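Worksheet: one structure, shown below.
The values are calculated or read from the model by the stated rules, or taken from the named source; none is laboratory data. Since we're looking at a predicted model, the values are computed, not measured. Neighbour counts run over all protein chains shown; Cβ positions are idealised from the backbone, glycine included. The protein model used for the area step is the full one, side chains on, heavy atoms only, and it has no ligands, DNA or RNA in it. Shrake-Rupley method; radii C 1.70, N 1.55, O 1.52, S 1.80 Å.
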Amino acid sequence: MAHKKLKGFNKSLLAVAIMSLSLTVHAGEKEELLKLRNTTTNLIKLLVEQGVLTKESADKMIKQAALDAEKQVQQAKVADKVEDGVVRVAYVPEFVKDQIRQQVRSELREDVVADVLQEAKTKQWGVVDALPKWTRKFKLYGDMRLRYDHDQFSGSNLQNNSIATPSPEDRVNNFLALNEAGGGFTGDSSELQNINQDRDMFRARFRLGIKAQVTQGLEANIRLASGNIRNPLSTNQTLGNTGQKFQFSIDRAFLKYEGLDSDAYNWMTLQGGRINNPFRSTDILFDRDLGFEGFSSTFRYNLAGSDSLYDQEDQSALMYMTLGAFPLEEFELSTKDKWLFGGQVGTEWEFSNQDKASFGVAYYKYLNTEARPGVIGQANHVCSFDDVDRDASLPEYLQQGNSMMAVCYGDQFTNNAPQKFGLAPEFEILNITASYDMAMFAPIHVKLTGDYAKNIGFDREDILSRVGTGAIYNNPNIEERTDAWQVRLDLGWPSVLMPGRWNSHVAYKYIESDAVLDAFTDSNFQLGSTNAKGWVIEANYGVMENAWFSARWISTDQIDGPKIGIDILLVDFNTKF
C-alpha cells in the first residue's frame, strides 16, 4: 500500500515539475525544484541507512519513478502539441506555486514517511519486528538486591558456651550442625547458636528467570538465583569469601496451566515442579523466598458475574480452593518419605469503592517429619548401626525453636551420649488469615492483616512414648506451646516501582515453640526461630523507575527459656527488570 502511495506521490511531483517546465521559469523556482528533488533522494537514502528500506527496494523505486516521469512527459508533449505558428503561454500565479511547494513538503514529511514505516512494519523490513515469531514467546525477568545486615544481641542474653552453661539441655544448640558432625555434644562452639556476638554483613542477591509461552494457557518458567544451595529460605550471598565466586542454582522450574471458561474467566490454575507458594499465607508459616517442590491446583468460582451482558466481565468476588502435595525428602530404601499436604479454601471481595477483603482457612499436614529414635538396649539405639527408617527421620534442614529429641546415641544401653536429633512433635497446622484493604485515600492504601496458626498435631503422650527416658530439648517439660499469630498494618502505595512512591508496615508476631515448623518460617525474625515474639517495622521508597530503597527493623525476644533478645537492621537497595 505504501509503495503504491509512493508511486502516486512521485507522479504528482513529476506532474508539477512538467507544468513548471512549460513556463518561463525563474532561477529561484529552479532552485526550489532542485531542493525538492534532493530532499526526496536524501530521504530515500536515509531510510535505506536506517534499515527501513532495502537498497534493492530503493533502487527499484527510483527507477520506476524515472520511467513514470518519462511517460508523463511524453503524454504532456502530445497533449500540448499545437498548430504551427501558435504560441500558448500558461500563467500560474506565484501564490499557487507557493501552495504547491508547501503541500509537497508536508506530504513528504508526514504521509510518505508514515506509509513507509507502516510498510516496513508489515513486511518486517530492517529491525522493526524482524525477529522470528518463536522468539516473542520468551520473556526475561529478574532482580538484584544489595543489603546491609546488622545483628545486635542483648547484653543480658544467656552466655551460650560450654563453660558458662555446662548442661547441653540449658544451651541454645545448633542441631543442624550437630547432626552433620554426628559426634554429639563436644563443647565446640560450632554446636551452638550465636546469641552473644554482634555481626555486620554485606550481602547480595541476584535472580534471573525466563518465561516461555508453550501454547495458549501453558507456561514454562525457570529461574536461577544466588545463595546457599543447602538453605531453602535464603538467596542471599554474604560478601567476604576471599574472592570466591558466588553459588548460582535453579531456584524455580515449573509448568503452569491457566484454564479459561467461555467468558475468559480464569477458573483453574495447575502447577508442577519447583513452584512459588500457591497458598494465601504469611511468613509465620512460610518464608517469602521458600520454593515448593511438587504439584498444586487452584479452582475459582466467580461470585459476581451473571449471564447478563453487563455483568459478564464482573470478577469482583470469588471463592477459591487450593490443593497441594509436596515431597520434602524421598528415600530409596525406606517407606518413610516425608511429605507436605495442604489445602485451603477462601474468598476475595472487591467493593464499589475499591476496598478489598479476603479470608482463608488452610490445613497443612507434614507426614513422617517426627523423630523415630532407636530402642534402648537394641542395636538401632547406636548411631553407627544402619537403620534406614530411623535415619530417615533426621531433618534435612532446621532453623531454631522446635522441640527436639535424640534419635540415636553413642552407647547401646544408656541415654548418656546423644549424637543425632530429630523433631519431637508431629505437625498438623490449622491456619486462618484475613485482610482488609481500604482505598479511601487512593492512591494511598491502608491494609490490615491478621493471621493465626495452631498445631493440632501436637500429642504429648505420643512424644513421651517415643522419647522414652531420653531428654527433650527447647521444651524440656513437653508443654503444649502450639499457637502463633500476628497482626500487621500497611500504609502507602501498593507498589514503589516508580520514583517518589512509598509504603510502610508495622507488625507484631507471637510464635510459640511448636506452632509451626521452624525450618520454613521467616528466616529474619529472631534469625529464623519459633519460640519468639516481637515487632517488625519496614519502609520502602522508590528512587527511580524499578529501583527502591527499603529499611527494616526487627526487635524480638524469646518467649520461653533463657533470655535471648535480638535487634536486626536490614537496609536494602533493590532493582527489578
Could you count how many residues in the stretch 540-577 are open to solvent by 50 Å² or more (accessible area, probe 1.4 Å) and either under 27 Å from GLY142 (Cα atoms) or of a type in the set (D, E, K, R) (or both)? 16
Note: among GLY209, GLY187, GLY183, just one is in contact (Cβ under 8 Å) with a residue 40 or more places away in the chain, surrounded by fewer than 16 Cβ atoms within 10 Å (Cβ to Cβ), over 22 Å from SER529 (Cα atoms) and not charged (D, E, K, R), namely GLY183
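For residues that are open to solvent by 30 Å² or more (accessible area, probe 1.4 Å) and over 29 Å from ALA417 (Cα atoms), tally how many sit in the stretch 481-495. Even if it seems obvious, please write down each step before you answer.
Here is the first cut: in the stretch 481-495, the residues open to solvent by 30 Å² or more (accessible area, probe 1.4 Å) are 481, 483, 485, 487-491, 493-495.
Right, trim to over 29 Å from ALA417 (Cα atoms) and you get 483, 485, 487-491, 493-495.
So the count comes out to 10.
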Can you find even one residue in the stretch 172-185 that is of a type in the set (A, V, I, L, M), more than 25 Å from ASP283 (Cα to Cα) and assigned to a loop (DSSP other than H, G, I, E, B)? no
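For the stretch 334-368, how many residues meet the condition of being touching a residue at least 60 places away in the same chain (Cβ under 8 Å) and closer than 16 Å to LYS454 by Cα?
As a first pass, look at the stretch 334-368 and keep what is touching a residue at least 60 places away in the same chain (Cβ under 8 Å): 342, 344, 346, 353-366.
Filter once more, keeping what is closer than 16 Å to LYS454 by Cα: 342, 344, 360-366.
The number of residues fulfilling the criteria is 9.
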Run ALA264 past the list (1) within 30 Å of TYR148 (Cβ to Cβ); (2) open to solvent by 50 Å² or more (accessible area, probe 1.4 Å); (3) of a type outside the set (Lys, Arg) and report the number of the one that doesn't hold. (1)
Specify the residue that is farthest from ALA532 (Cα to Cα); the eligible residues are those in the stretch 192-206 that are part of a strand (DSSP E or B) and at pLDDT 95 or above. PHE206
Which of the residues spanning the stretch 435-467 are among the small types (Gly, Ala, Ser) and open to solvent by 50 Å² or more (accessible area, probe 1.4 Å)? ALA442, SER465
Would you confirm, using the coordinates I've provided, whether ALA220 is over 27 Å from ASN402 (Cβ atoms), not acidic (Asp, Glu) and not in a loop (DSSP other than H, G, I, E, B)? yes
Name the strands (runs of 3 or more DSSP E) wholly within the stretch 514-577 that hold at least 3 residues that are more than 22 Å from the chain's Cα centre (by Cα) and closer than 17 Å to ALA453 by Cα? 532-544
Flag if ASN531 is touching a Gly at 6+ places or on another chain (Cβ under 8 Å), surrounded by 20 or more Cβ atoms within 10 Å (Cβ to Cβ) and at positive phi: yes
Taking the stretch 392-427 and keeping only residues that are assigned to a loop (DSSP other than H, G, I, E, B), touching a Gly at 6+ places or on another chain (Cβ under 8 Å) and of a type in the set (Ser, Thr, Tyr), one is left with SER393
When restricted to VAL543, VAL516, VAL536, the only residue touching a Lys or Arg at 6+ places or on another chain (Cβ under 8 Å) and of a type in the set (Val, Ile, Thr) is VAL536
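Among the residues of the stretch 437-459, is there at least one that is modelled with pLDDT under 95 and assigned to a loop (DSSP other than H, G, I, E, B)? Working first, answer last.
Let us first name the residues in the stretch 437-459 that are modelled with pLDDT under 95, namely 439-443.
Now narrow it down to the ones that are assigned to a loop (DSSP other than H, G, I, E, B): 442-443.
Yes, there is a match, as at least one residue in the stretch 437-459 is modelled with pLDDT under 95 and assigned to a loop (DSSP other than H, G, I, E, B).
Among residues belonging to the stretch 346-385 that are among the charged types (D, E, K, R) and either out of contact with any Ser or Thr (no Cβ under 8 Å at 6 or more places or on another chain) or under 20 Å from THR282 (Cβ atoms) (or both), point out the one that is most open to solvent (accessible area, probe 1.4 Å). Can you show your working first?
Here is the first cut: in the stretch 346-385, the ones among the charged types (D, E, K, R) are 348, 350, 355-356, 365, 370, 372.
Now narrow it down to the ones that are either out of contact with any Ser or Thr (no Cβ under 8 Å at 6 or more places or on another chain) or under 20 Å from THR282 (Cβ atoms) (or both): 348, 355-356, 365.
Details: GLU348: 54, ASP355: 11, LYS356: 98, LYS365: 41 Å².
Going through the qualifying residues, I end up with LYS356.
Taking the conditions exactly as written (surrounded by fewer than 21 Cβ atoms within 10 Å (Cβ to Cβ) and of a type outside the set (A, V, I, L, M)), does THR335 satisfy them or not?
Working: surrounded by fewer than 21 Cβ atoms within 10 Å (Cβ to Cβ): yes; of a type outside the set (A, V, I, L, M): yes.
So THR335 fits the description; yes.
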Search result, residues across the stretch 496-513 that are of a type in the set (A, V, I, L, M), in a loop (DSSP other than H, G, I, E, B) and either within 21 Å of LEU398 (Cβ to Cβ) or open to solvent by 20 Å² or more (accessible area, probe 1.4 Å) (or both): LEU497, MET498
Tell me, which residue of the stretch 237-255 that is on the phi > 0 side of the Ramachandran plot and small (Gly, Ala, Ser) is surrounded by the most Cβ atoms within 10 Å (Cβ to Cβ)? GLY240
Those residues of the stretch 40-98 that are modelled with pLDDT of 70 or more, loosely packed, with under 13 Cβ neighbours inside 10 Å and among the small types (Gly, Ala, Ser) come to a total of 1
Only one of (1) touching a residue at least 40 places away in the same chain (Cβ under 8 Å); (2) touching a Lys or Arg at 6+ places or on another chain (Cβ under 9 Å); (3) of a type outside the set (A, V, I, L, M) fails for GLY450. Which number is that? (1)
From the list ILE478, ILE432, exactly one residue is within 28 Å of ASN368 (Cβ to Cβ) and open to solvent by 50 Å² or more (accessible area, probe 1.4 Å). Which is it? ILE432
